[in-house]
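Visitor: Starting off with a structure, shown below.
The values are calculated or read from the model by the stated rules, or taken from the named source; none is laboratory data. Treat the numbers as computed from the prediction; the structure is a model and nothing was measured. Ideal geometry is used to build each Cβ from the backbone, glycine not excepted, and the neighbour counts take in all protein chains shown. SASA here: full protein model, heavy atoms, side chains in, ligands and nucleic acids out. Shrake-Rupley method; radii C 1.70, N 1.55, O 1.52, S 1.80 Å.
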Amino acid sequence: MTVLGASWLLSSVVTGHAAAVDSALDVLVAAYPDHLVSHDRDSVTWADGTVMPVAGGGQQRSFEELLNAPSILDQFAIPYPLGTKLKTPGVNEDPGRIRNQAFFTKMYGDCHQGEVEKHLRAVAWLPDRGGGMLKATSINGVADKLSEVSRELERLPARMMKYLVPSAGTYNCRSIAATERASVHAYGAAIDINDRFSDYWLWTKNKTGHFAWTNRIPLEIVEVFERHGFIWGGKWHHFDTMHFEYRPELIELAKRGWPRD
């Protein structure tokens, strides 16, 4: 299945529509001010002077090709649906799951080279609920934001704590299951909440490859994470309802109601 043309955003960004490209890159640079200093429509410039191209040629590609070899602009191909008005995602509607690995490795480091661990910071996870300690990167203030998430989640009703404690983990130097793509956990910028009450598409896929979207996570939990810049894997067709990752650029574009028809 090709995904090009599935939405205004997808067709506009991937094919280089000027207004869409500028909006996406403006937000990207603003989301990571310690790392990115500017952009033009062809590249982003890092604080150390590195210039990284943003486009992948504009040709029509399949969803799998976008997952495995995306450009920076391809990361904006599918808009993130902010808020608690949850609907079943369309086929291959996985906002944020398309990631340019070079971009995130440049920002957070290569865990296989020991570059991520030196930035990890201990975070008390729901300490009043027995959540223990987790490790998250201090880059982009992710650890601080996760601490803020924890404080807000502790104020939720007790009946919701079973979804949050124990956490299924944060930092893990690994690839995404059944792929060679780096997990956001490998950068210390993601958290999995309690997997006992979570759902994952690979767990439910049948022998023919089919699976049905499902979720048990209360949306009050999702709202807290989103408020601090984390997207939720429960809003993916290839659902991963335990998973949250720090992607403030996608949250900000959603707040702006972008793209507009």
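Visitor: Against the condition more than 16 Å from F76 (Cβ to Cβ), touching a Pro at 6+ places or on another chain (Cβ under 8 Å) and open to solvent by 20 Å² or more (accessible area, probe 1.4 Å), how does H237 come out, does it pass? Step through it out loud before you land on a result.
Guide: Numbers: more than 16 Å from F76 (Cβ to Cβ): yes; touching a Pro at 6+ places or on another chain (Cβ under 8 Å): yes; open to solvent by 20 Å² or more (accessible area, probe 1.4 Å): yes.
Yes; evaluated as a whole, the condition is true for this residue.
Visitor: Shifting gears a bit: Looking at this structure, is R216 under 16 Å from T84 (Cβ atoms) and among the basic types (K, R)?
Guide: Values: under 16 Å from T84 (Cβ atoms): yes; among the basic types (K, R): yes.
So R216 passes the test.
Visitor: A further question follows. Could you tell me which of the residues T84, T137 is at pLDDT below 95 and closer than 29 Å to R196 by Cα?
Guide: Numbers: T137 fails: at pLDDT below 95.
Going through T84, T137 in turn, the sole match is T84.
Visitor: So which of W203, W213 is touching a residue at least 60 places away in the same chain (Cβ under 8 Å), open to solvent by 50 Å² or more (accessible area, probe 1.4 Å) and aromatic (F, W, Y)?
Guide: Details: W203 fails: touching a residue at least 60 places away in the same chain (Cβ under 8 Å).
After applying the criteria, what remains is W213.
Visitor: Moving on to the next point. Look at the stretch 213-235 and say how many of its residues are on the phi > 0 side of the Ramachandran plot and basic (K, R).
Guide: To start, the set of residues in the stretch 213-235 that are on the phi > 0 side of the Ramachandran plot comprises 229.
Remaining after also requiring basic (K, R): none.
Counting residues in the stretch 213-235 that are on the phi > 0 side of the Ramachandran plot and basic (K, R) gives 0.
Visitor: How about the stretch 178-205: which of its residues are out of contact with any helix residue (DSSP H, G or I) (no Cβ under 6 Å at 6 or more places or on another chain) and under 12 Å from V116 (Cβ atoms)?
Guide: S183, V184, H185, G188
Visitor: Within the bounds of the stretch 222-231, is there any residue that is open to solvent by 50 Å² or more (accessible area, probe 1.4 Å), of a type in the set (D, E) and touching a residue at least 24 places away in the same chain (Cβ under 8 Å)?
Guide: Our first condition is that a residue be open to solvent by 50 Å² or more (accessible area, probe 1.4 Å); within the stretch 222-231, this holds for 223, 227.
Imposing the further condition that a residue be of a type in the set (D, E) reduces the set to 223.
Right, trim to touching a residue at least 24 places away in the same chain (Cβ under 8 Å) and you get 223.
Yes.
Visitor: Let me confirm something: among W232, W213, which residue is under 20 Å from L153 (Cα atoms) and among the aromatic types (F, W, Y)? Working first, answer last.
Guide: Working: W213 fails: under 20 Å from L153 (Cα atoms).
Checking each option against the conditions leaves just W232.
Visitor: For the stretch 168-195, which residues satisfy the criterion of being among the hydrophobic types (A, V, I, L, M, F, W, C) and touching a residue at least 24 places away in the same chain (Cβ under 8 Å)?
Guide: Matches in the stretch 168-195: A168, C173, A177, A178, A182, V184, A186, A189, A190, I191, I193.
Visitor: What do you reckon, is Y163 under 23 Å from R99 (Cα atoms) and among the aromatic types (F, W, Y)? Can you show your working first?
Guide: Details: under 23 Å from R99 (Cα atoms): no; among the aromatic types (F, W, Y): yes.
Judged against the criteria, Y163 is not a match.
Visitor: Could you tell me how many of the residues in the stretch 184-211 are out of contact with any Phe, Trp or Tyr (no Cβ under 9 Å at 6 or more places or on another chain), over 13 Å from T241 (Cβ atoms) and either modelled with pLDDT of 95 or more or acidic (D, E) (or both)?
Guide: 0
Visitor: Is it true that A186 is open to solvent by less than 10 Å² (accessible area, probe 1.4 Å), in contact with a Cys (Cβ under 6 Å, 6 or more places away or on another chain) and outside any strand (DSSP E or B)? Let's see the steps before the verdict.
Guide: Details: open to solvent by less than 10 Å² (accessible area, probe 1.4 Å): yes; in contact with a Cys (Cβ under 6 Å, 6 or more places away or on another chain): yes; outside any strand (DSSP E or B): yes.
Judged against the criteria, A186 is a match.
Visitor: If we scan the stretch 126-133, do we find a residue that is under 25 Å from E252 (Cβ atoms), touching a strand residue (DSSP E or B) at 6+ places or on another chain (Cβ under 6 Å), at pLDDT 95 or above and open to solvent by 10 Å² or more (accessible area, probe 1.4 Å)?
Guide: Residues of the stretch 126-133 under 25 Å from E252 (Cβ atoms): none.
No, every residue in the stretch 126-133 fails to be under 25 Å from E252 (Cβ atoms), touching a strand residue (DSSP E or B) at 6+ places or on another chain (Cβ under 6 Å), at pLDDT 95 or above and open to solvent by 10 Å² or more (accessible area, probe 1.4 Å).
Visitor: Which condition does V149 not pass, out of (1) among the β-branched types (V, I, T); (2) open to solvent by 20 Å² or more (accessible area, probe 1.4 Å); (3) not in a loop (DSSP other than H, G, I, E, B), if it passes all the others?
Guide: (2)
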